[in-house]
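The values are calculated or read from the model by the stated rules, or taken from the named source; none is laboratory data. Keep in mind it's a predicted model, so treat the numbers as computed, not measured. FYI the Cβ positions are ideal-geometry reconstructions off the backbone, even for glycines, and counts take in every protein chain you see.
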Amino acid sequence: MSAGASPSDRESGSRSDAVHATHAYAHITDKTSPGSQAPAHERENPMNPMTAPHNTLHSALSQCAGIVTATASGISAEQLGNRTPCEKFTVAELLDHLGQTLSSSARAARKESQPGEGSVPGMSAETVAQWAERAAAAWSAPEAYEGTTHFGPGEMPAGFAATITLEELALHGWDLARATGRPFDLGEETAQLVLNAVEEIAEQARANGAFGPPVLVPADAPAFHKALGASGRNPAWSG
(Lines give C-alpha, C1' and ligand atoms only; values in the text may rest on other atoms or scores of the structure.)
Protein backbone atom coordinates (compact mmCIF):
# COMPACT_ATOMS: atom_id res chain seq x y z
CA MET A 1 0.00 0.00 0.00
CA SER A 2 1.12 3.54 -0.51
CA ALA A 3 3.39 4.75 2.26
CA GLY A 4 2.09 8.22 1.58
CA ALA A 5 -1.64 7.48 1.68
CA SER A 6 -3.81 9.96 3.55
CA PRO A 7 -5.38 9.08 6.92
CA SER A 8 -8.81 9.42 5.31
CA ASP A 9 -8.04 6.24 3.40
CA ARG A 10 -8.52 4.28 6.65
CA GLU A 11 -12.10 3.63 5.56
CA SER A 12 -10.77 0.95 3.25
CA GLY A 13 -9.46 -0.91 6.33
CA SER A 14 -7.82 -4.19 5.44
CA ARG A 15 -8.60 -4.07 1.72
CA SER A 16 -5.89 -6.24 0.26
CA ASP A 17 -2.80 -4.79 -1.41
CA ALA A 18 -2.99 -7.86 -3.60
CA VAL A 19 -5.84 -6.15 -5.43
CA HIS A 20 -3.80 -3.00 -6.01
CA ALA A 21 -0.64 -4.85 -6.86
CA THR A 22 -2.26 -7.19 -9.35
CA HIS A 23 -3.84 -4.26 -11.17
CA ALA A 24 -0.41 -2.61 -11.17
CA TYR A 25 1.01 -5.71 -12.85
CA ALA A 26 -1.71 -5.76 -15.51
CA HIS A 27 0.57 -4.28 -18.16
CA ILE A 28 2.99 -7.22 -17.95
CA THR A 29 0.73 -10.24 -17.34
CA ASP A 30 0.42 -10.99 -21.06
CA LYS A 31 4.06 -11.98 -21.32
CA THR A 32 3.76 -14.31 -18.32
CA SER A 33 0.48 -15.98 -19.27
CA PRO A 34 0.40 -19.67 -20.13
CA GLY A 35 1.67 -20.35 -23.62
CA SER A 36 3.53 -17.05 -23.87
CA GLN A 37 7.25 -16.50 -23.58
CA ALA A 38 9.11 -13.64 -21.95
CA PRO A 39 11.76 -11.75 -23.95
CA ALA A 40 15.13 -13.51 -24.13
CA HIS A 41 16.90 -11.09 -21.80
CA GLU A 42 14.29 -11.76 -19.11
CA ARG A 43 14.35 -15.54 -19.56
CA GLU A 44 18.10 -15.41 -18.99
CA ASN A 45 17.84 -13.27 -15.86
CA PRO A 46 17.40 -15.44 -12.75
CA MET A 47 16.85 -12.29 -10.67
CA ASN A 48 13.65 -11.36 -12.49
CA PRO A 49 10.98 -12.61 -10.05
CA MET A 50 8.46 -13.08 -12.84
CA THR A 51 10.67 -15.62 -14.62
CA ALA A 52 13.04 -16.83 -11.89
CA PRO A 53 13.21 -20.58 -11.18
CA HIS A 54 10.67 -21.55 -8.55
CA ASN A 55 13.37 -22.57 -6.08
CA THR A 56 14.97 -19.11 -6.33
CA LEU A 57 11.67 -17.35 -5.73
CA HIS A 58 10.66 -19.75 -2.98
CA SER A 59 13.95 -19.22 -1.17
CA ALA A 60 13.26 -15.47 -1.12
CA LEU A 61 9.66 -16.04 -0.03
CA SER A 62 10.82 -18.29 2.80
CA GLN A 63 13.37 -15.78 4.03
CA CYS A 64 10.83 -12.94 4.09
CA ALA A 65 8.19 -15.17 5.68
CA GLY A 66 10.62 -16.21 8.41
CA ILE A 67 11.35 -12.59 9.30
CA VAL A 68 7.65 -11.71 9.27
CA THR A 69 6.91 -14.69 11.52
CA ALA A 70 9.57 -13.59 14.01
CA THR A 71 8.39 -9.97 13.88
CA ALA A 72 4.70 -10.76 14.32
CA SER A 73 5.41 -13.24 17.11
CA GLY A 74 7.16 -10.52 19.10
CA ILE A 75 4.50 -7.82 18.82
CA SER A 76 2.97 -6.88 22.17
CA ALA A 77 -0.54 -5.62 22.86
CA GLU A 78 0.94 -2.22 23.72
CA GLN A 79 2.36 -1.92 20.19
CA LEU A 80 -0.88 -2.58 18.30
CA GLY A 81 -1.74 1.11 18.15
CA ASN A 82 1.69 2.19 16.88
CA ARG A 83 1.95 4.10 13.63
CA THR A 84 3.62 2.34 10.70
CA PRO A 85 5.48 3.58 7.60
CA CYS A 86 2.31 2.67 5.69
CA GLU A 87 0.41 5.71 6.94
CA LYS A 88 -3.10 4.38 6.54
CA PHE A 89 -2.46 1.50 8.95
CA THR A 90 -1.65 1.13 12.62
CA VAL A 91 0.21 -2.02 13.59
CA ALA A 92 -3.07 -3.81 14.35
CA GLU A 93 -4.61 -2.76 11.04
CA LEU A 94 -1.53 -3.76 9.09
CA LEU A 95 -1.44 -7.16 10.78
CA ASP A 96 -5.03 -7.76 9.70
CA HIS A 97 -4.30 -6.53 6.20
CA LEU A 98 -1.16 -8.65 5.75
CA GLY A 99 -2.77 -11.71 7.27
CA GLN A 100 -5.67 -11.50 4.82
CA THR A 101 -3.22 -11.26 1.91
CA LEU A 102 -1.13 -14.19 3.12
CA SER A 103 -4.13 -16.43 3.67
CA SER A 104 -5.27 -15.62 0.14
CA SER A 105 -1.76 -16.32 -1.17
CA ALA A 106 -1.65 -19.75 0.45
CA ARG A 107 -4.93 -20.64 -1.23
CA ALA A 108 -3.64 -19.29 -4.54
CA ALA A 109 -0.56 -21.51 -4.31
CA ARG A 110 -2.78 -24.54 -3.72
CA LYS A 111 -5.17 -23.46 -6.53
CA GLU A 112 -8.05 -23.28 -4.05
CA SER A 113 -11.07 -21.02 -4.33
CA GLN A 114 -10.96 -17.75 -2.44
CA PRO A 115 -13.49 -16.87 0.28
CA GLY A 116 -15.83 -13.93 -0.19
CA GLU A 117 -14.82 -10.48 1.04
CA GLY A 118 -15.30 -10.10 4.77
CA SER A 119 -15.67 -13.84 5.37
CA VAL A 120 -12.19 -14.27 6.88
CA PRO A 121 -11.91 -13.42 10.60
CA GLY A 122 -9.66 -10.60 11.79
CA MET A 123 -5.99 -11.43 12.17
CA SER A 124 -4.01 -11.33 15.41
CA ALA A 125 -0.22 -11.11 15.46
CA GLU A 126 -0.05 -14.82 16.25
CA THR A 127 -2.34 -15.67 13.34
CA VAL A 128 -0.30 -13.56 10.92
CA ALA A 129 2.85 -15.40 12.01
CA GLN A 130 1.10 -18.69 11.27
CA TRP A 131 -0.14 -17.53 7.86
CA ALA A 132 3.34 -16.36 6.88
CA GLU A 133 4.62 -19.88 7.53
CA ARG A 134 1.67 -21.46 5.72
CA ALA A 135 2.06 -19.24 2.67
CA ALA A 136 5.77 -20.03 2.41
CA ALA A 137 5.04 -23.75 2.75
CA ALA A 138 2.31 -23.59 0.10
CA TRP A 139 4.71 -22.00 -2.40
CA SER A 140 7.37 -24.67 -1.77
CA ALA A 141 5.74 -27.04 -4.26
CA PRO A 142 6.98 -26.65 -7.86
CA GLU A 143 3.46 -27.15 -9.19
CA ALA A 144 2.29 -24.08 -7.23
CA TYR A 145 3.99 -21.91 -9.88
CA GLU A 146 2.38 -23.65 -12.82
CA GLY A 147 -0.65 -22.44 -14.79
CA THR A 148 -3.03 -19.86 -13.41
CA THR A 149 -4.66 -19.26 -10.05
CA HIS A 150 -7.11 -16.93 -8.34
CA PHE A 151 -5.59 -14.15 -6.26
CA GLY A 152 -6.61 -10.54 -5.70
CA PRO A 153 -9.10 -9.37 -8.33
CA GLY A 154 -9.24 -12.58 -10.34
CA GLU A 155 -7.30 -15.17 -12.28
CA MET A 156 -3.62 -14.63 -13.08
CA PRO A 157 -0.40 -16.56 -13.76
CA ALA A 158 0.58 -18.43 -10.60
CA GLY A 159 4.15 -17.14 -10.77
CA PHE A 160 2.75 -13.63 -10.76
CA ALA A 161 0.82 -14.37 -7.56
CA ALA A 162 4.02 -15.64 -5.96
CA THR A 163 5.82 -12.45 -6.97
CA ILE A 164 3.11 -10.32 -5.37
CA THR A 165 3.40 -12.42 -2.20
CA LEU A 166 7.15 -11.75 -2.07
CA GLU A 167 6.58 -8.02 -2.46
CA GLU A 168 3.88 -7.97 0.22
CA LEU A 169 6.00 -9.92 2.71
CA ALA A 170 9.01 -7.71 2.13
CA LEU A 171 7.39 -4.29 2.13
CA HIS A 172 4.79 -4.85 4.83
CA GLY A 173 7.14 -7.02 6.84
CA TRP A 174 9.52 -4.07 6.93
CA ASP A 175 6.63 -1.76 7.87
CA LEU A 176 5.83 -3.93 10.89
CA ALA A 177 9.47 -4.29 11.88
CA ARG A 178 10.12 -0.55 11.79
CA ALA A 179 6.92 0.19 13.70
CA THR A 180 7.85 -2.22 16.50
CA GLY A 181 11.62 -1.66 16.70
CA ARG A 182 12.75 -4.92 15.15
CA PRO A 183 15.35 -5.66 12.46
CA PHE A 184 14.43 -6.60 8.91
CA ASP A 185 17.58 -7.86 7.22
CA LEU A 186 17.38 -9.53 3.82
CA GLY A 187 20.07 -11.44 1.97
CA GLU A 188 21.45 -9.80 -1.17
CA GLU A 189 19.70 -12.15 -3.59
CA THR A 190 16.33 -11.75 -1.89
CA ALA A 191 16.73 -7.98 -1.76
CA GLN A 192 17.52 -7.87 -5.47
CA LEU A 193 14.45 -9.96 -6.31
CA VAL A 194 12.28 -7.61 -4.26
CA LEU A 195 13.81 -4.57 -5.94
CA ASN A 196 13.21 -5.99 -9.40
CA ALA A 197 9.58 -6.75 -8.55
CA VAL A 198 8.97 -3.28 -7.13
CA GLU A 199 10.64 -1.50 -10.04
CA GLU A 200 8.66 -3.55 -12.53
CA ILE A 201 5.31 -2.32 -11.19
CA ALA A 202 6.26 1.04 -9.64
CA GLU A 203 4.90 3.33 -12.34
CA GLN A 204 1.53 1.61 -12.57
CA ALA A 205 1.36 1.14 -8.80
CA ARG A 206 1.84 4.85 -8.20
CA ALA A 207 -0.79 5.64 -10.83
CA ASN A 208 -3.44 3.55 -9.05
CA GLY A 209 -2.45 4.57 -5.53
CA ALA A 210 -0.76 1.35 -4.45
CA PHE A 211 2.59 3.17 -4.05
CA GLY A 212 3.30 6.70 -2.88
CA PRO A 213 5.65 9.13 -4.64
CA PRO A 214 9.18 7.71 -4.89
CA VAL A 215 11.65 8.54 -2.14
CA LEU A 216 15.12 9.27 -3.45
CA VAL A 217 17.91 7.09 -2.04
CA PRO A 218 21.64 7.18 -2.84
CA ALA A 219 22.73 5.44 -6.03
CA ASP A 220 24.94 3.13 -3.98
CA ALA A 221 22.21 2.32 -1.44
CA PRO A 222 21.47 -1.37 -0.70
CA ALA A 223 19.01 -3.02 -3.07
CA PHE A 224 16.28 -3.26 -0.45
CA HIS A 225 16.58 0.44 0.39
CA LYS A 226 16.08 1.15 -3.31
CA ALA A 227 12.97 -1.05 -3.27
CA LEU A 228 11.61 0.83 -0.26
CA GLY A 229 12.25 4.17 -1.93
CA ALA A 230 10.63 3.04 -5.19
CA SER A 231 7.52 1.99 -3.24
CA GLY A 232 7.24 5.41 -1.60
CA ARG A 233 8.86 4.48 1.70
CA ASN A 234 11.69 6.27 3.49
CA PRO A 235 14.30 3.69 4.54
CA ALA A 236 15.16 5.96 7.48
CA TRP A 237 11.58 6.07 8.80
CA SER A 238 11.55 6.02 12.60
CA GLY A 239 7.98 6.82 13.55
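For residues in the range 119-147 being outside any helix (DSSP H, G or I) and of a type in the set (S, T, N, Q), which is nearest to Glu87 (Cα to Cα)? It would help to see each step written out before you state the result.
First pass over the range 119-147, keeping only residues outside any helix (DSSP H, G or I): 119-124, 139-141, 146-147.
Subsequent filtering for residues that are of a type in the set (S, T, N, Q) retains 119, 124, 140.
Working: Ser119: 25, Ser124: 20, Ser140: 32 Å.
So, considering only residues that are outside any helix (DSSP H, G or I) and of a type in the set (S, T, N, Q), the one nearest to Glu87 (Cα to Cα) is Ser124.
Here are some conditions: (1) at pLDDT 95 or above; (2) crowded, with 18+ Cβ neighbours inside 10 Å; (3) of a type in the set (S, T, N, Q). Thr163 meets all but one. Which one does it not meet?
Just one mismatch for Thr163, condition (1).
Here are some conditions: (1) buried (at least 21 other Cβ atoms within 10 Å of the Cβ); (2) among the hydrophobic types (A, V, I, L, M, F, W, C); (3) in contact (Cβ under 8 Å) with a residue 60 or more places away in the chain. Ala108 meets all but one. Which one does it not meet?
(3)
Which one of the conditions (1) modelled with pLDDT of 95 or more; (2) crowded, with 24+ Cβ neighbours inside 10 Å; (3) within 15 Å of the chain's Cα centre (by Cα) does Phe184 fail to meet, given that it meets all the rest?
(2)
Against the condition at pLDDT below 95, over 19 Å from Ala197 (Cα atoms), outside any helix (DSSP H, G or I) and not hydrophobic (A, V, I, L, M, F, W, C), how does Gly116 come out, does it pass?
Values: at pLDDT below 95: yes; over 19 Å from Ala197 (Cα atoms): yes; outside any helix (DSSP H, G or I): yes; not hydrophobic (A, V, I, L, M, F, W, C): yes.
Criteria met by Gly116.
Anything in the range 177-231 that is outside any helix (DSSP H, G or I) and among the basic types (Lys, Arg)? List them, or say none. Lay out the reasoning, then the answer.
Filtering the range 177-231 down to residues outside any helix (DSSP H, G or I) leaves 181-187, 208-222, 231.
Hit for the range 177-231 is Arg182, nothing else.
Are any residues in the range 56-98 part of a helix (DSSP H, G or I) and of a type in the set (Val, Ile, Thr), and if so, which ones? Reasoning before the result, please.
Taking the range 56-98 first, the residues part of a helix (DSSP H, G or I) are 56-73, 77-79, 91-98.
Thr56, Ile67, Val68, Thr69, Thr71, Val91, listed by residue number.
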